[in-house]
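Just so you know, all these numbers are worked out from the coordinates, no wet-lab data involved. Please read all numbers here as calculations on a predicted model, not as lab measurements. Note: ideal-geometry Cβ built from the backbone for every residue, glycine included; neighbour counts use all protein chains shown.
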Amino acid sequence: MKSLLMIIAGALMASIICVPALAQTAEDRELAQKICADQSGSAFKICVNQQLRNFDCTNAGNRLQCEARKRASQQCAGLFGWDFRQCTQRMIPEIDCSTLRASDRRQCELNQSAYVACSKKTGEEHMNCLRKHFGGQ
């Protein structure tokens, strides 16, 4: 009898812990599908899985930045392609590189200077700017 009560209590505890996580995953999947609505077939599935990985902040190195990126994605979900990218970049606050470890600080500063140099460019011109900027690494 005692072991039966322990099993029931364990099942209740597991369900209490898992239900919010499942609800969050369904919410994230819905958002990812909305963001990837301009894709079709296997590209759609790849896009959704990539967005879901981006929304998983449990193992993120910088949890605050991950949550900010997730909020920005929610607010810009109706846009696609370049418009979506620019919208999310406007919504995400700039990171203070001085608060990071030395190894991360260099990459952070490089990313910020690339953003300043290439943010006004679009398409192939934007990609060429990024290649030029990160080519010397």
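What the table shows:
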| read-out | value |
| --- | --- |
| Spherically averaged projected area of segment 94-137 from its Cα convex hull (nm²) | 3.2 nm² |
| Cα-based reach from LYS45 at 16 Å (exclusive), listing lysines while leaving out same-chain residues under 8 positions away | LYS34 |
| Hits among aspartates and glutamates - C-alpha to C-alpha of LYS120 under 16 Å, sequence gap 8 or more where chains match | ASP83 |
| Label zone at CYS97 (point 7 Å along Cα-to-Cβ), backbone N below 12 Å, segment 115-137 | 115-117 |
